[in-house]
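To start, the structure itself, in structure tokens.
We did not get these values from a lab; they are worked out from the coordinates using the rules stated. As the structure is a computational prediction, the values presented were derived from the model and not from experiment. Cβ coordinates were reconstructed from backbone atoms using ideal geometry, including for glycine residues, and neighbour counts include every protein chain displayed.
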């Protein structure tokens, strides 16, 4: 689907579902945040083609986030599908995926921190400047909700990936024990350590009460599913 058409359809779909949706143009950091989020929102293995399509549509907000699979066995099933010469390649792929995720979390977190800082300035200005029209308040707050919701969504999906990797490793060890399991386990542990600061970074708090920008529509449903 066109990168021009999909965001428009996503905007109207999200609005129809009662989610916060802003018509404001995105900043460079906001665009980059969404591009970086795509990696973590998509399934961990490219062979999960159907779930990949669903996740892509959720990323563009055409489908709700709840449409994504929450089955941690998906990655293991994709990892072990098809034929392969040695079990070593399965362990190697698992370690490579975990390491690739780990290396991308830092840049995403730095990007997210810039967006959160800008959103704080956005809401302070929207609430205090007499030059800002009242009609600008709601879309400003909606954009803050979108941004923070995306960060929380990525944090949730990173946690889901870690659970999926651990599920895959345990089942690989049961089915095909190998010394390569040690390398895969270390990669997962390193990913988990890197994910910690991301999920603990300070946010504005629009989903947890005490949020800045309280003049916005607090009844809007989150753009993320937090089970």
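Worth pointing out:
- Potential extension, residue 53-residue 171 segment - 0.36 nm per residue separation minus Cα distance: 39.9 nm
- Once the Cβ-Cβ distance of residue 71 and residue 8 is raised to the sixth power relative to R0 = 25 Å, the FRET efficiency obtained is 0.20.
- Residue ranges 172-182, 139-149 sort as 139-149, 172-182 when ordered by packing (mean number of other C-beta atoms within 10 Å per residue, highest first).
- Note on residue 207 and residue 26: the model spin-label points, each 7 Å out from Cα along the C-beta direction, lie 1.8 nm apart.
- Between residue 178 and residue 83, the FRET efficiency from the beta-carbon distance, with R0 = 22 Å, is close to 0.80.
- Estimated from the Cβ-Cβ distance and a Förster radius of 30 angstrom, the FRET efficiency linking residue 125 and residue 186 is about 0.05.
- Convex hull volume of the range 43-124 per residue (C-alpha atoms, cubic angstrom): 108
- Bins of 10 Å from zero: percent of alpha-carbon pairs in the range 73-120: 21, 33, 20, 17, 8, 1
- Label point of residue 100 set 7 angstrom out along Cα-Cβ; within the range 18-34, no amide nitrogen lies under 12 Å from it.
- Set the Cα radius of gyration of the range 117-216 against 2.2 N^0.38 Å, with N its number of residues, and you get 1.62.
- The rule of thumb for compact globular proteins, 2.2 N^0.38 Å, goes into the C-alpha radius of gyration of the range 1-156 1.24 times.
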